[in-house]
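For reference, the structure is listed below as structure tokens.
The values are calculated or read from the model by the stated rules, or taken from the named source; none is laboratory data. Note that the structure is predicted; figures quoted are calculated from it, not measured. Counting neighbours? That spans all protein chains shown, and the Cβs are built from the backbone with ideal geometry, glycine included. These area figures cover heavy atoms from the full protein model, side chains too; ligands, DNA and RNA do not enter into them. Shrake-Rupley method; radii C 1.70, N 1.55, O 1.52, S 1.80 Å.
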Amino acid sequence: MTADELRGLPIHEQVPEVLKLEQEGIFFSKDLSKSVLYSIAASGTSQHIAMLAFDCNEFLDHRVREILAQHGWFQTVLSDLPHFTFLGLAEAELPGRGLKSIEADGQTFWIPDV
């Protein structure tokens, strides 16, 4: 199947075809080194669609991160810097909910403490 044929398929048919190609070693992640499922949410599962996440262009501005945190929005994906997830809690409550903070590039990410 060519790339044009793949793009021409309805999304519910594209996904199985992409996964078949990945089983053959043809990957679709951002850097083409692993499954696309490591780069994006599976169809219908995005927190963005559910309005529980958004990407913020000003993610490097600590004032923006502070304002977002005051309203329950936190960075939660180390590999997706602009991504903020609505957790709906004060930052002090996050460790009690099974999250731990990780500092990276001057930013705090809250990830599962496993």
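Miscellaneous remarks
- Positions within region 82-104 being open to solvent by 80 Å² or more (accessible area, probe 1.4 Å), touching a residue at least 12 places away in the same chain (Cβ under 8 Å) and not aromatic (Phe, Trp, Tyr), in sequence order: Glu91
- Residue list for region 46-81, restricted to those being aliphatic (A, V, I, L, M) and exposed (fewer than 13 other Cβ atoms within 10 Å of the Cβ): Ile49, Ala50, Met51, Ile67
- Conditions (1) of a type in the set (D, E, K, R); (2) at positive phi; (3) at pLDDT 90 or above: number failed by Asp105: (3)
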